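> Have a look at this one before I ask anything.
Just so it is clear, none of the values below were taken in a lab; they were calculated from the coordinates. Small disclaimer: the values here were computed from a predicted structure and weren't measured. Reconstructed Cβ throughout: ideal geometry from the backbone, glycine too, with neighbour counts over all protein chains shown.
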């Protein structure tokens, strides 16, 4: 068994690194270089710097998912270790998609080297997924309800706008809290059953996730023109709807699908070319640059392990 681990580990690391290189090339190939250059030239340096700071803040908040999940699982690790696994894992899953494959594979490769079992890692990953979606449901529920978006003709049955969907999402979160307060129950995530955490843990998960999703929306919002009259809360509703469309498409990073929704929803108030410029910059700042850094970190880590 130990011999198999020694073989599988490096192969998994090499496969993950190759996937990162593929994702970087795929991301770059979808845009012409002159369009990328134009996007940077038309944006102000302060806006780009602010979006970069927000991106750093977002990935920092994401480390809270892993930290909390490891503590709940009873396998806490030093924060520097958690930050490394979390950053690389989310940079991969954000860009490559198939979070069960990419995000879980990265965590398995890294966390197993620090003594966590496959069962521990699976539970940690499931709790991270639960955190992300609980917060998404709360933030989307609130923004969809109070800043509704028309969805007539989009194929969503019954509803004319997102208010009905928003209320359903909030009801799901309320039901989850009720089950937790009543003594808990099991929920299945990617085929694995985990116990619903106690209300205090659920509240912490939601606080982390709402903060992260809000910051992620802010990364794009600050890159948009300032004279549009679109408030941040209303924009967040559009941003989350576009994220849902991107997730549903199963396209890596929702590439193209996410942009199409943003373009359709914002084009009545913002010129299309300005939206595209902002989206190009957003992709570079929030997705591409973190993936490049994660690939370098993973490659360096694999080289260090191979030398031992």
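> What ranking do 203-215, 258-270 get when scored by the average of other Cβ atoms within 10 Å per residue, highest first?
My ranking of the peptides, most packed first, is 203-215, 258-270.
> A further question follows. So how do 110-116, 284-290 stack up, highest first, on mean other-Cβ count within 10 Å?
284-290, 110-116
> For the pair residue 172 and residue 195, what calculated FRET efficiency results from E = 1/(1 + (r/R0)^6), where r is the Cβ-Cβ distance and R0 = 25 Å, to the nearest 0.05?
E(calc), rounded to 0.05, equals 0.90.
> Need the full-extension length gain, residue 297 to residue 186, defined as separation in residues times 0.36 nm minus the C-alpha distance. One decimal, nm.
36.4 nm
> Between residue 304 and residue 53, what is 0.36 nm times their sequence separation minus the Cα-Cα distance? Round to one decimal in nm.
Going from the current span to full extension adds 87.4 nm.
> Something else: For residue 248 paired with residue 41, estimate the spin-label separation in nm (one decimal), with each label point 7 Å from Cα along the Cα-to-Cβ line.
In this crude spin-label approximation the distance works out to 3.9 nm.
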